[in-house]
Amino acid sequence: MVTHKGEHQGARPSKRLLLLIAALLLAGCEDPWAAEDLAALASPVAFASLSAGNNSSCGLDATGKAWCWGQGTATDSPRLICYESLGAAGTFESWCWDRPVPVAGAHVFETLALGNASFGIDAEGTLWGWGYNANFLLGGAPPTTTLLKAARVDDTGTWTFKAIASSSTTVCGVTRNGQLVCWGEPNIITSGALQPCAAGFGKCRQAPAVIGTTTDWVDVAVGIAAACALNTAGRVACWGLGAFGELGIASTPTCTVNGIAIKCLATPTVVSNALTFTSIGGKGLPFCGITTADALYCWGQIVNGTTIVTPTLIQNGVLDFDSNGSGYCTVRAGGTVWCSGLFSATGSPVQIAVPGAVVGVAMGLQHACAWNVAGDAWCFGDATFGQLGNGDARPIYGPTPRQVSAPYKY
C-alpha cells in the first residue's frame with residue numbers, strides 16, 4: 001500500500017496550498033490533486049526524446065536540457081514526499097515530483113537512461129547519475145541513499161561514453177572507443193564463474209569492468225540478469241544468465257547459481273547472423289531489436305509468461321519500441337502506439353490513443369511515455385509516484401494517455 005503526504009515542501013507559493021485546502025473542502029476530500037494554481041506554471045516543454053525508469057520519467061528538450069518527474073529526480077525544486085510501505089522493514093520515504101522539473105546543475109545531455117537510478121551523458125562523454133543508488137550504480141555513495149543532484153559517476157575513471165543503459169541492478173555503457181563497460185549486479189558482469197549477489201538487493205558492489213575484447217559496439221541494453229549489445233555490423237550479442245531465454249540462443253552452457261543450473265554466457269555471443277539490427281532495447285526479461293527491414297524481433301519472456309529462446313518476429317513496420325519485464329510498446333508506421341502486457345487485457349498489442357504523429361516511446365516499470373512530432377509528451381499507466389507528469393501523484397492506473405504538463409515556475 002502506498003500513501004502520500006500531499007503537502008509540497010519548499011518555497012512554493014502559499015497560494016497553491018490554500019487552493020488545495022479549498023478544493024478538499026469543496027470536493028469532500030475526494031481528490032486532493034484536482035486544484036492547480038495554473039498561474040504558477042511555466043511554458044510547456046517541447047521534448048526531443050524521453051526515457052522511463054522504474055518510477056520516474058525524464059526527457060530532453062532541443063537544447064539538451066533534462067526535465068524529470070516521478071521518484072528520485074535531481075532537483076532542488078519544491079517536491080512531494082512519497083511513503084512506500086515495506087512491511088516489517090518499516091516505511092521507506094522518497095521524494096517525488098508530479099510535474100517536470102529541471103535536473104539540477106544546468107547540464108546539457110546528449111542521451112538519458114533510467115532504471116532505479118537515472119543517467120545522462122554530456123557532449124564530452126562524461127557520465128552523470130542521480131536517483132536511488134541501489135547496487136552502488138551511482139558510485140561510492142551509500143547504496144540506500146537517493147542523490148538529489150546529478151553527480152559524476154566516480155567509478156568510471158577516464159572512460160567517456162556514447163551510450164548507456166540501466167536496469168534495477170546493473171548499468172552498462174559503450175565507450176567512445178567502442179568498448180563495453182558494466183557495473184552493478186555481479187551475475188551479469190563477472191567473467192568466468194557467475195556468482196549471485198550474496199549481500200542482497202541494493203547492497204552489492206561490483207566495480208566497472210570491460211566486457212570482452214572487441215571494440216565495435218554502438219549500443220547496449222540491460223535486463224534483470226542479462227545484457228545485450230549491438231555492434232557496427234548490426235549483430236546483437238548477449239551474455240549473463242538466461243533462465244527465461246533472454247540470451248537469444250537455443251543451446252547454451254549452464255552455470256550453478258544458488259544450487260540451480262541456469263543457462264549462462266560469460267561473454268557476448270551473437271544471437272543471429274541472419275538478422276541485421278539497427279537498434280536494441282530491453283529492461284526486464286525480454287530483449288528486442290528492430291532490423292533494417294523495420295521488423296521487431298524479440299526473445300526472452302515476452303508476455304504472460306511466454307518464453308522465446310531465439311529472435312522471433314513480433315511486428316512489422318516498427319519505427320521505435322521499448323520493453324520491460326511485462327511487455328513492450330511500439331511505434332508503427334504512421335505514428336501510432338501499440339502496447340502489450342500491462343496495457344492489454346488479452347496480452348496482444350492494443351493501440352494507445354496518443355494524440356499526434358508519435359515518433360518515440362519509452363517504458364518504465366508500470367508506466368510508459370510517448371512523444372509526437374510537435375514535442376508533446378504523453379504518459380500512461382501507474383501514477384503513484386507522479387511518473388505521468390500531469391500533476392497526479394496517487395495510485396491510479398490505466399492505459400489512458402495523460403499529457404505531461406508544463407513545469408511549475410520556481
Would you point out which residue out of P401, P407 is within 18 Å of K65 (Cβ to Cβ), out of contact with any helix residue (DSSP H, G or I) (no Cβ under 9 Å at 6 or more places or on another chain) and buried (at least 19 other Cβ atoms within 10 Å of the Cβ)?
-> P407
Spot the failing condition for R394; the list is (1) within 19 Å of Q71 (Cβ to Cβ); (2) at pLDDT 95 or above, and only one is missed.
-> (2)
In the list A345, A362, A357, A377, which residue meets the criterion of being at pLDDT 95 or above and more than 20 Å from the chain's Cα centre (by Cα)?
-> A357
State whether one or more residues within the range 153-163 are over 11 Å from A117 (Cβ atoms) and within 17 Å of the chain's Cα centre (by Cα).
-> yes
The range 337-352 - residue that is of a type outside the set (A, V, I, L, M) and touching a strand residue (DSSP E or B) at 6+ places or on another chain (Cβ under 6 Å) and, of those, surrounded by the fewest Cβ atoms within 10 Å (Cβ to Cβ) = Q351
Flag for V337 being without any contact (Cβ under 8 Å) to a residue 40 or more places away in the chain and under 20 Å from the mean Cα position of the chain (by Cα) | yes
Could you please find all residues in the range 165-214 being at pLDDT 95 or above, in contact with a strand residue (DSSP E or B) (Cβ under 6 Å, 6 or more places away or on another chain) and in a loop (DSSP other than H, G, I, E, B)?
-> R176, G178, Q179
Strands (runs of 3 or more DSSP E) completely within the range 57-107 that count 1 or more residues being farther than 21 Å from V361 by Cβ and at pLDDT 70 or above = 91-102
Within the set of pairs 6+ apart or on separate chains, which have a first residue in the range 147-168 that is under 16 Å from N135 (Cβ atoms), a second that is modelled with pLDDT under 90 and among the polar types (S, T, N, Q), and C-beta atoms under 8 Å apart?
-> L147/N133; S166/N116; S167/N116; S168/N54; S168/N116
Condition met for F277 (touching a residue at least 24 places away in the same chain (Cβ under 8 Å) and more than 21 Å from the chain's Cα centre (by Cα)) | yes
Within the range 215-246, residues in a loop (DSSP other than H, G, I, E, B) and modelled with pLDDT under 95 come out as G223, I224, A225, G242, A243, F244, G245, E246
Which of the residues that make up the range 247-260 are in contact (Cβ under 8 Å) with a residue 24 or more places away in the chain and part of a loop (DSSP other than H, G, I, E, B)?
-> L247, G248, I249, A250, N258
Among the residues of the range 313-332, which ones are more than 20 Å from A274 (Cα to Cα), among the hydrophobic types (A, V, I, L, M, F, W, C) and in contact with a Pro (Cβ under 9 Å, 6 or more places away or on another chain)?
-> C329
Single residue of the range 261-279 satisfying the filter (in a strand (DSSP E or B) and of a type in the set (S, T, N, Q)) that is farthest from C172 (Cα to Cα) = T278
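To keep it simple, each residue is scored yes or no on (1) more than 18 Å from A243 (Cβ to Cβ); (2) loosely packed, with under 14 Cβ neighbours inside 10 Å; (3) free of Cβ contacts under 8 Å to residues at least 40 places away in the same chain; (4) not polar (S, T, N, Q).
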| site | (1), (2), (3), (4) |
| --- | --- |
| I262 | no, no, yes, yes |
| T269 | no, no, yes, no |
| Y297 | yes, no, yes, yes |
| T307 | no, no, no, no |
Within the range 220-242, residues being under 20 Å from the mean Cα position of the chain (by Cα) and farther than 16 Å from V181 by Cα number 1
Among the residues of the range 389-410, write down those that are among the hydroxyl-bearing types (S, T, Y) and under 18 Å from P102 (Cα atoms).
-> S405, Y408, Y410
Would you be able to tell me the number of residues in the range 309-334 that are under 23 Å from the mean Cα position of the chain (by Cα), within 22 Å of E246 (Cα to Cα) and among the hydrophobic types (A, V, I, L, M, F, W, C)?
-> 4
Failed condition for G389, given (1) surrounded by fewer than 19 Cβ atoms within 10 Å (Cβ to Cβ); (2) on the phi > 0 side of the Ramachandran plot = (1)
Which of the residues spanning the range 116-147 are of a type in the set (A, V, I, L, M), buried (at least 18 other Cβ atoms within 10 Å of the Cβ) and modelled with pLDDT under 95?
-> A117, A134, L137, L138, L147
Given P311, P286, which one is closer than 22 Å to C172 by Cβ and at pLDDT 95 or above?
-> P311
Keeping to the range 342-367, report how many residues are touching a Pro at 6+ places or on another chain (Cβ under 9 Å) and small (G, A, S).
-> 2
Can you pull out the residues in the range 342-378 that are more than 16 Å from G327 (Cβ to Cβ), touching a residue at least 24 places away in the same chain (Cβ under 8 Å) and among the hydrophobic types (A, V, I, L, M, F, W, C)?
-> A353, V354, V358, V359, W371, V373, A374, A377, W378
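The values are calculated or read from the model by the stated rules, or taken from the named source; none is laboratory data. Quick caveat: nothing in here was measured; it's all calculated off a predicted structure. Cβ: placed from backbone, ideal geometry, glycine included. Neighbour counts: every protein chain shown.
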